[in-house]
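Student: First, the structure itself, so that you have it in front of you.
The values are calculated or read from the model by the stated rules, or taken from the named source; none is laboratory data. Computed from a predicted model, the values in this text were never measured in an experiment. Cβ: placed from backbone, ideal geometry, glycine included. Neighbour counts: every protein chain shown.
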Amino acid sequence: MRSFKSLIKTYALLLPSLVLAQAPTKLGDAIVFGQGGTYPRAIKLADGKTLLGVYTATTGANTTLTTVRSTNNGASWQPIGIVDTGSKATKDVDNPYVYERPDGKLLCAFRNHDRSGNAYSFYRITVCISEDGGVNWNFLQTPASDPGGLTGNWEPFLQRALDGSLQLYYSRETSGTDQDSLLRRSTDGGATWSSADVISGAGIETRDGMLGVAHTPNDSSPAKVAIFETGNPSKGVPFSVWTVRTENDGANWSEQRTRVYQPEGHNAGAPQIIRVGDKLVASFGTDEDGGAWPSGAIKVMVSRDGGKTWADKTTVVGPSAAWAGLLALDDSSFLVLYEKSGTSYAQKLSF
Ligand SMILES: *[C@@H]1O[C@H](CO)[C@@H](O)[C@H](O)[C@H]1NC(C)=O
Ligand SMILES: *[C@@H]1O[C@H](CO)[C@@H](O)[C@H](O)[C@H]1NC(C)=O
Ligand SMILES: *[C@@H]1O[C@H](CO)[C@@H](O)[C@H](O)[C@H]1NC(C)=O
């Protein structure tokens, strides 16, 4: 009895620090974000209340980039439009990401490859534009392209820079065992693009990919953290999640890579990152609890020091889920978007 009492005392003493470093908890059940779909992504529009999402749907023999909208803070989502669609046999549209320009027009960047049989014959990152809130879409530009072979372009991510220009982050293979993180800029809303800077992976043979970028400690700060997966499966190196950092809104980036999560003998990858109030939240998939990589559990971790250290690993959904995205709703709650068994879901979490 006595030892039990002292145990309670010990817990009581621990409690204040547990409250201070609180892990996020799930609020309610996961909501359907997209039927027959994967790679869910969403943003909050400048009106402060509309959430606009996009995902890759399978429609018959096609893949289709479908836009969805929520006007109740993510409690439900309705499909509203199609960015692009095409037969899986000849075309591969996937990895969509949406962005709202200061003029209210929307952009969607996505991978838009040609293929014949199992081989890619041309790689593109395409940007389309919508002038009606995401219902109808037209071609705007192809900021990146490469002939077929090994130099694929993947997973675009769009972000406004503090000077009002537009930044396009994406991943580009340079060989079967090497991929780098790239950044191009546009000062005319996506109509024309700069050449690409390498922001991670230069000079090392490793597959850096699946970028996301967040400001810290606030959205007017020039300090940003870019998250990515890195690994080399064909060389027996599992994926793990790392960051690089800029202090000047992307002009240059740290050579130093900071670890977010690296499970022993398993993979962690396909990350994203957002700022939620004064914290950074990272999401990733991992096969440490089972699943056939790249499927597994979806987990989040939290940084309270601007991305230097990461803690509070929290499981959002167990195996087998994949391709998580993140959306901050306010300074204390956020959505984790993911695919499970061919349906895309949004799970709300809160600190
Ligand atoms: C498939 O893609 C083609 C070509 O873009 C389009 O005409 C057709 O409507 C699409 N079908 C479906 C079921 O999405
Ligand atoms: C944002 O963070 C910077 C530090 O990088 C600070 O100087 C600035 O005052 C902050 N702005 C707001 C609006 O909190
Ligand atoms: C960026 O460039 C500035 C000026 O050359 C330099 O002082 C700084 O260390 C660089 N930052 C990084 C992260 O490399």
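Student: Out of curiosity, is D219 surrounded by 14 or more Cβ atoms within 10 Å (Cβ to Cβ) and more than 16 Å from ligand 3 (Cβ to nearest atom)? Can you show your working first?
Tutor: Numbers: surrounded by 14 or more Cβ atoms within 10 Å (Cβ to Cβ): no; more than 16 Å from ligand 3 (Cβ to nearest atom): yes.
Answer is no for this residue.
Student: Just checking, does region 184-198 include any residue being under 19 Å from A268 (Cα atoms), modelled with pLDDT of 95 or more and of a type in the set (G, A, S)? Explain how you work it out, then say what you get.
Tutor: Of the residues in region 184-198, the ones under 19 Å from A268 (Cα atoms) are none.
Checking region 184-198: not a single residue is under 19 Å from A268 (Cα atoms), modelled with pLDDT of 95 or more and of a type in the set (G, A, S).
Student: Being aromatic (F, W, Y), buried (at least 18 other Cβ atoms within 10 Å of the Cβ) and assigned to a loop (DSSP other than H, G, I, E, B) narrows it down to one of W323, W253, so name that one.
Tutor: Details: W323 fails: assigned to a loop (DSSP other than H, G, I, E, B).
Criteria check complete, one pass: W253.
Student: Restricting to region 298-318, give me the number of residues that are outside any strand (DSSP E or B), of a type outside the set (G, A, S) and buried (at least 18 other Cβ atoms within 10 Å of the Cβ).
Tutor: Narrowing region 298-318 to residues outside any strand (DSSP E or B): 304-310.
Filter once more, so that each one left must be of a type outside the set (G, A, S): 304-305, 308-310.
Narrowing the set further to residues that are buried (at least 18 other Cβ atoms within 10 Å of the Cβ) leaves 310.
Within region 298-318, residues that are outside any strand (DSSP E or B), of a type outside the set (G, A, S) and buried (at least 18 other Cβ atoms within 10 Å of the Cβ) number 1.
Student: Any residue in region 50-69 that is at negative phi, more than 16 Å from ligand 1 (Cβ to nearest atom) and surrounded by fewer than 14 Cβ atoms within 10 Å (Cβ to Cβ)?
Tutor: Checked against the condition, which is being at negative phi, more than 16 Å from ligand 1 (Cβ to nearest atom) and surrounded by fewer than 14 Cβ atoms within 10 Å (Cβ to Cβ), region 50-69 yields no hits at all.
Student: Among E100, E173, which is the only one that is within 20 Å of the chain's Cα centre (by Cα), among the acidic types (D, E) and surrounded by fewer than 20 Cβ atoms within 10 Å (Cβ to Cβ)?
Tutor: On the way: E100 fails: surrounded by fewer than 20 Cβ atoms within 10 Å (Cβ to Cβ).
From the options E100, E173, the qualifying one is E173.
Student: Any residue in region 63-78 that's in a loop (DSSP other than H, G, I, E, B): show its pairings with residues that are modelled with pLDDT of 95 or more and within 14 Å of ligand 1 (Cβ to nearest atom) at Cβ separation under 6 Å, as long as the two are six or more apart or on different chains.
Tutor: Correct list of pairs: empty, since none qualify.
Student: Can I ask one more? Could you list, in sequence order, all residues of region 127-174 that are at positive phi, of a type outside the set (D, E, K, R) and assigned to a strand (DSSP E or B)? Please lay out each step first, then the result.
Tutor: The initial filter retains those residues of region 127-174 that are at positive phi, namely 133-134, 149, 155, 164.
After this cut, where a residue has to be of a type outside the set (D, E, K, R) as well, the list is 133-134, 149, 164.
Matches in region 127-174: none.
Conditions (1) within 16 Å of ligand 3 (Cβ to nearest atom); (2) of a type in the set (K, R); (3) part of a loop (DSSP other than H, G, I, E, B), marked per residue:
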{"site": "D180", "(1), (2), (3)": "no, no, no"}
{"site": "A191", "(1), (2), (3)": "no, no, yes"}
{"site": "S194", "(1), (2), (3)": "no, no, yes"}
{"site": "A202", "(1), (2), (3)": "yes, no, yes"}
{"site": "E205", "(1), (2), (3)": "no, no, yes"}
{"site": "A214", "(1), (2), (3)": "no, no, no"}
{"site": "S240", "(1), (2), (3)": "no, no, no"}
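Student: Which residues, taken from region 242-283, are of a type in the set (D, E) and either without any contact (Cβ under 8 Å) to a residue 12 or more places away in the chain or away from ligand 3 (no atom under 12 Å from the Cβ) (or both)?
Tutor: We begin by selecting, within region 242-283, every residue of a type in the set (D, E); these are 247, 249, 255, 264, 278.
Across region 242-283, the qualifying residues are E255, E264, D278.
Listed here are the residues, each with its yes/no results for (1) within 16 Å of ligand 1 (Cβ to nearest atom); (2) assigned to a strand (DSSP E or B); (3) in contact with a His (Cβ under 9 Å, 6 or more places away or on another chain).
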| site | (1), (2), (3) |
| --- | --- |
| S220 | no, no, no |
| V225 | no, yes, yes |
| F228 | no, yes, no |
| V260 | no, yes, no |
| A270 | no, yes, no |
| I274 | no, yes, no |
| A282 | no, yes, no |
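Student: In this structure, is A214 within 20 Å of the chain's Cα centre (by Cα) and away from ligand 2 (no atom under 16 Å from the Cβ)? I'd like the intermediate steps shown before the answer.
Tutor: Details: within 20 Å of the chain's Cα centre (by Cα): yes; away from ligand 2 (no atom under 16 Å from the Cβ): no.
For A214, the condition - within 20 Å of the chain's Cα centre (by Cα) and away from ligand 2 (no atom under 16 Å from the Cβ) - is not met.
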